[in-house]
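Below: one structure, written as structure tokens.
The values are calculated or read from the model by the stated rules, or taken from the named source; none is laboratory data. Quick caveat: nothing in here was measured; it's all calculated off a predicted structure. No Cβ is skipped: glycine too gets one built from the backbone with ideal geometry, and neighbour counts run over all protein chains shown. Accessible surface is based on the protein model in full, side chains and every heavy atom, while ligands, DNA and RNA are left aside. Shrake-Rupley method; radii C 1.70, N 1.55, O 1.52, S 1.80 Å.
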Amino acid sequence: MGNKWTSRKFWEAMMGEVSGIVALVFGVAEGEMVTTIAGAEIIIAVTLGYLKAEKDIDVAKVNKGD
């Protein structure tokens, strides 16, 4: 996990998660259903995108033989 703290992908994913959480909380606080759903979708999309990027890196390492 040491190199994850300096990874740009990791920090971009974290900022995406924070953005989604802010939208989700703002939507709930204001009673805005569309904003709430958009916040939840952002959280899910960022998480799945980060997981796919990490999987692709792992596959490339295995194919390379590292």
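Quick notes on this one:
- Those aspartates and glutamates that a straight Cα-Cα span of less than 18 Å connects to Lys52, excepting residues fewer than 8 apart in one chain: Glu12, Glu17, Glu41
- FRET E, pair Asn63, Ser19, Förster distance 30 Å, beta-carbon r, rounded to 0.05: 0.35
- Solvent-accessible area per residue for the chain (1.4 angstrom probe, square angstrom): 76
- Listed values (1) 1.07; (2) 0.92; (3) 1.17, entry calculated as Rg/Rh (Cα atoms, Kirkwood Rh): (3)
- Rounded percent of accessible protein surface that carbon and sulfur make up, the chain, 1.4 Å probe: 69
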